[in-house]
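Student: Have a look at the structure that comes next, please.
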Amino acid sequence: MPVPRVADTFKGAVSRVTIGATAEQGGTRTTTVTVGGALNVVYAGEPGKLGEKPVIAVDVLDIAPEDWAEALAGQYKDVFGDPAAWAKKAVDEYGADLICLKFDGIHPDRGDLGADHAVRVIKDVLAAVGVPLILWGSGNDAKDNQIMPKVSEAAKGQNCLIGTVTEDNYKSLTAIALADSHKLITEAPLDINIGKQVNILVSDMGYPLENIVTFQSTGALGYGIEYSYSIQERQRLATLGGDKMMAMPSIVDVGSEAWRTKEAKSDAPEWGPAEARGPMWEAATAIVLLQSGTDIIRLRHPKAVATVKNFIKEMW
Amino acid sequence: MISIGERINGMFLDVKKAIAEKDKAVIQDLAKRQTECGASYLDVNVGTAAADQEGTMAWLVETIQETCKTPLCLDSQKPNVIAAGLKAADTSMGILLNSSPLNKKSDAEVLDKYLEMAQSVGPEGKIIALTMDKNGVPQDVDTRVAIAAQIVEKVMEAGLEMHRLFVDPIVLPVKVPDAQQQPNNIIAAIGQIVFLSDPPPHIVVGLSNLSQGSCERSLINRIFLCMAASHGLDAAIIDVLDEPLVDALATAEMLLNKQLYSDSYLKAYRNA
C-alpha cells in the first residue's frame, strides 16, 4: 500500500530580509545576513521549504554592565566599556553572525548619556567589525526618540536592523529607518493582536512590510517561554495562511532574559556549577524557540553561542 | 475568503454599453477598482446583449489584461465562449472557469469539456461546478449534496487536486415565491459538501443572485455571506466595491478566527 502524501502546502511564506550592506551596496560590511523565507512550520514538510538558516546576534552593550552574573561577565570583562573591542571579540572568537548593539547607557536610569556617546559607539563598532549590526534602543521612549535618529544617521548606508518600535511609539524611528534605509524591528508585549497592529501602523507610514522583523517579546525557560513559543508559532501559522501583515521573520532576545533567571545567575552550588547553568539556560531557551519558528537569536554567553550554532548546523 | 469581483458582466448596464461601444476605459476602470478593493479574481461575463459572444469574451479579456494582472474568472455556460476567453488570456497568474453543471440534457459531457480546458492551462487552471444536472436546479439539500459528490468524484478521476474545484450550490433569489427555504438549504448543503473529501473542494456562491429584485439588496447579501461563511463557504462572487459588504466579511472572518484580530483589522483585510 502506498504511503499517502501528508505534507501540507501553504499559500504564504515568511518574507526574506537582508541585513548589512557591502561596499558594492554602499556600506562597509564584509558580510550580509539574510533571514526568513520559510514556507512551512519548522520540521514539517519538505526540507527545501525551511527557508534561510536562523542566525545568532551577540549582545554588545555601549556601557559596562553592572548587574551581569559573574559567570557571564567573566567572558567579557576585558572588553567592558570598549564596545568596539567587545564586538570584535564576539565576532572573531565566538562566531557571531551579527552584533546586537544595545544602547543601555542612554537610558535616564543607566547613565543618561547623550548623542555624542552613542554616535561615537556606533562609529567605533562599524570600524571594528565587518558583520551587519542590530541597533537596539534603551527602552525609554523619550530618550530613544531623541538619540536613536542620530545613531541611525551615523550608520546610514549600512542597512542595519534598528528598533524597536511599539504601538505607542513608532513614528519617529519608523520615519528615520525609512529615511536612512534601515530594516526595522516592531515590538509587541507578548500579544499577537498588538503585534499585527504595530505592523499595520508602520506600513501606514509607508514603511515596506518586507523590511520588518518582528519582536514579540521573549520569556526564558521557566519564565513564560510557553507564551513566547505559542505566539511565535501563531505568527508562523498566520504567515502560512497568507496574512501579509504577519509574514515577517522574527527576533528573540534570549540572552538578557535567560540571564535574568535565578537558575542562571544565582550562586547556588547545590544546583550545579554556575559556569554551566547560565549557558545551558540560554541554549535551552534558544533551542525551544527555534522550534517555534524564529530567525534571529540574541545571545550572550560564548558557550550558548557555540551550542546553538551547532544545533542550527545539525538541524537545518 | 476568495472574493471574485462580479462587476464586469454584460448584465450591468454600464458594461453592456461599454461592450456595445467598445469603450475600453469603462472596463479597465472596473478591473482596476475591483483589484484595489481586494478581488482575488475578476469575473468576466459577456451578458446576453452581444451577438458575437466569443469575440466579446476575447475583447473583454484583452481589455482587462492590458491594465491589470488579476487572475480572471471566465463566466459562461457555453464551452466555446470560455474557450475563446482562454485563448485570449494570459493564464500565468491562474484562471477560473465558471461554470459547468454535472451534465445537461443537451450535453452529457459538458463538465468534461470544462475539466479539459482547466487542465490545458496547467496546475493553476481551476473550475466552478454547479450542483445542477440534466434535471435542472435541485431545491432540496440531499440532491444538491448528491450532485456535488458526483462532481467531486469526476474531478478526482480527472486527476485534479481538490483545491482546483469550486462547488457552487446555486443561490436563488429569495424574493421568488416559496424560495425562502433556499438559504437554509444552501447552508445545510455547504455544511455537508465540506465533508465530501479531505481536503474539501472550495465552495462558492454567486451572492448577488440572492437579493435579485429585492429591496435592501446589500443588507441581504452581507448577512447571508456571513451566515454561509460560518458554515464553510470560502469563496464568493461578490460586489467587492460594496464597502459594508467587505467590512462585514472581514469581521466574520475575524470572528471565525480565520484572520488575526488587530485594531485595524478592516484595513489589514483589504491590504491583504
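Student: Answer with one residue from A:G48, A:V119, A:Q25: the one whose Cα lies farthest towards the positive end of the charge dipole of segment A:1-155, charges on Cβ with Lys, Arg +1 and Asp, Glu -1.
Tutor: Positive-end residue among those listed: A:G48.
Student: Per residue in segment B:238-264, which ones lose no less than 30 Å² of accessible surface when going from chain alone to all protein chains (1.4 Å probe)?
Tutor: Residues losing area: B:L260, B:Y261, B:S262, B:D263, B:S264.
Student: Keeping the other protein chains in place, figure out the carbon and sulfur percent of the accessible area of chain A, with a 1.4 Å probe.
Tutor: Numbers: 6770 of 12940 Å².
Its accessible area is 52 percent carbon and sulfur atoms.
Student: Nearest 5 percent is fine: what portion of the DSSP beta bridges confined to the protein assembly as shown is antiparallel? Each step should come with its number before you reach the end.
Tutor: Values: 6 of 63 bridges.
Taking every DSSP beta bridge with both residues in the protein assembly as shown, the antiparallel ones total about 10 percent.
Student: Okay, next question. Report relative contact order for chain B in percent, whole number only (criteria: Cα-Cα under 8 Å, sequence separation at least 6).
Tutor: 16
Student: Taking square-rooted eigenvalues a ≥ b ≥ c of the alpha carbon gyration tensor, is segment B:113-272 rounded, prolate or oblate, where a/c under 1.5 means rounded and, failing that, a/b exceeding b/c means prolate? Could the numbers behind the result be given before it?
Tutor: Numbers: a/c = 1.88, a/b = 1.22, b/c = 1.54.
Taking the square roots of the gyration eigenvalues as a ≥ b ≥ c, segment B:113-272 is oblate.
Student: Hey, another quick one. Summing -39500 (n - 2.57) over the DSSP H runs of n ≥ 4 in chain A and dividing by its residue number, what mean residue ellipticity at 222 nm do you reach, to the nearest 500 deg cm²/dmol? Mind dumping the intermediate values first?
Tutor: Details: 11 runs with 124 residues, N = 316.
Using -39500 (n - 2.57) per qualifying helix, the result is -12000 deg cm²/dmol.
Student: What FRET efficiency, computed as 1/(1 + (r/R0)^6) with R0 = 51 Å and r the Cβ-Cβ distance, is obtained for B:D112 and A:A175, rounded to the nearest 0.05? Numbers along the way, then the final one.
Tutor: Working: r = 59 Å, r/R0 = 1.15.
Calculated transfer efficiency: 0.30.
Student: May I pose another question? Can you list residues from other chains, or at least 5 along the same chain, whose modelled amide H is less than 5 Å from the amide H of B:V205?
Tutor: Hits under the 5 Å cutoff: B:A235, B:A236, B:I237.
Student: Let me check I have the definition right: for chain A, take the eigenvalues of the Cα gyration tensor, multiply each by 5, take square roots. What are those semi-axes in whole Å, largest first? Don't skip to the end; give the middle numbers.
Tutor: Working: eigenvalues 165, 126, 67 Å².
Result for chain A: semi-axes of 29, 25, 18 Å.
Student: Something else now. Just how large is the dipole of the protein assembly as shown about the Cα centre, in debye to the nearest 20, putting +1 at every Lys and Arg Cβ and -1 at every Asp and Glu Cβ? Intermediate values should be presented prior to the final figure.
Tutor: Details: 55 positive and 76 negative charges, 147 e Å.
Approximately 700 debye in magnitude.
Student: Please give me, ordered by residue number, the GluC sites (Glu not before Pro) of segment A:70-178 that lie in loop per DSSP and have at most 16 other Cβ atoms within 10 Å. Spell out each step's value before the answer.
Tutor: Details: sites: A:E70, A:E93, A:E153, A:E167; in loops: A:E93, A:E167.
Sites meeting the loop and neighbour criteria: A:E93.
Student: Could you work out the mean count of beta carbons from other protein chains within 10 Å of each residue's beta carbon in A:203-212?
Tutor: Values: counts 4, 3, 0, 0, 0, 0, 1, 0, 0, 0.
Averaged over the peptide's residues, the number is 1.
Student: Same structure, new question: Can you tell me the accessible area per residue over segment A:6-315, all protein chains present, probe 1.4 angstrom, in square angstrom? Walk me through the numbers on the way to the answer.
Tutor: Details: 12160 Å² over 310 residues.
For segment A:6-315, the solvent-accessible area averages 39 Å² per residue.
Student: Still on this model: Pairs of alpha-carbon atoms within less than 8 angstrom and 6+ residues apart define the contacts here; what relative contact order does segment A:6-315 have, in percent?
Tutor: Numbers: 663 pairs, mean separation 63.8, N = 310.
Rounded, it is 21 percent for segment A:6-315.
Student: With just the Cα atoms defining each centre, how far is segment A:29-80 from segment B:170-235? Give it in Å.
Tutor: 51
Student: While we're looking at this one, here's another question. Roll a 1.4 Å probe over the protein heavy atoms and report the accessible area of B:S76 in Å², nearest 10.
Tutor: 10
Student: Would you work out the charge dipole size for segment B:1-156 about its Cα centre, treating the Cβ of every Lys and Arg as +1 and the Cβ of every Asp and Glu as -1, and quote it to the nearest 20 debye? If you can, show how the numbers build up before the last one.
Tutor: Numbers: 17 positive and 22 negative charges, 23 e Å.
Its charge dipole is roughly 120 debye.
Student: Once Rh for the protein assembly as shown is found with the Kirkwood sum over Cα pairs, what is the Stokes-Einstein diffusion coefficient at 10 °C and 1.306 mPa s, in µm²/s? Walk me through the numbers on the way to the answer.
Tutor: Numbers: Rh = 26.8 Å.
Roughly 59 µm²/s, to the nearest whole number.
Student: Would you be so kind as to identify which of A:Q197, A:G241, A:A274 lies farthest towards the positive end of the dipole of segment A:183-316, taking Lys and Arg as +1 and Asp and Glu as -1 on Cβ and the Cα centre as origin?
Tutor: Of the candidates, A:A274 comes out farthest on the positive side.
Student: Something else: As a test of the definition: with a 1.4 Å probe, what buried accessible area, both sides summed, do you compute for B against A, in Å² to the nearest 100? Kindly include the intermediate steps, with their values, before the conclusion.
Tutor: On the way: alone 12350 and 13460 Å², together 24740 Å².
The buried area between B and A, both sides summed, comes to about 1100 Å².
Student: When the helix-only estimate is applied to chain B (DSSP H runs of n ≥ 4, each -39,500 (n - 2.57), divided by the residue count), what is the mean residue ellipticity at 222 nm, nearest 500 deg cm²/dmol?
Tutor: Values: 10 runs with 121 residues, N = 272.
About -14000 deg cm²/dmol.
The values are calculated or read from the model by the stated rules, or taken from the named source; none is laboratory data. It should be emphasised that the depicted structure is a prediction, and the values quoted were computed from it without experimental measurement. Please note: Cβ atoms are built from the backbone with ideal geometry, for glycine as well, and neighbour counts cover all protein chains shown. Quick note on the areas: whole protein, heavy atoms, side chains included, nothing else; ligands and nucleic acids left out. Shrake-Rupley method; radii C 1.70, N 1.55, O 1.52, S 1.80 Å.
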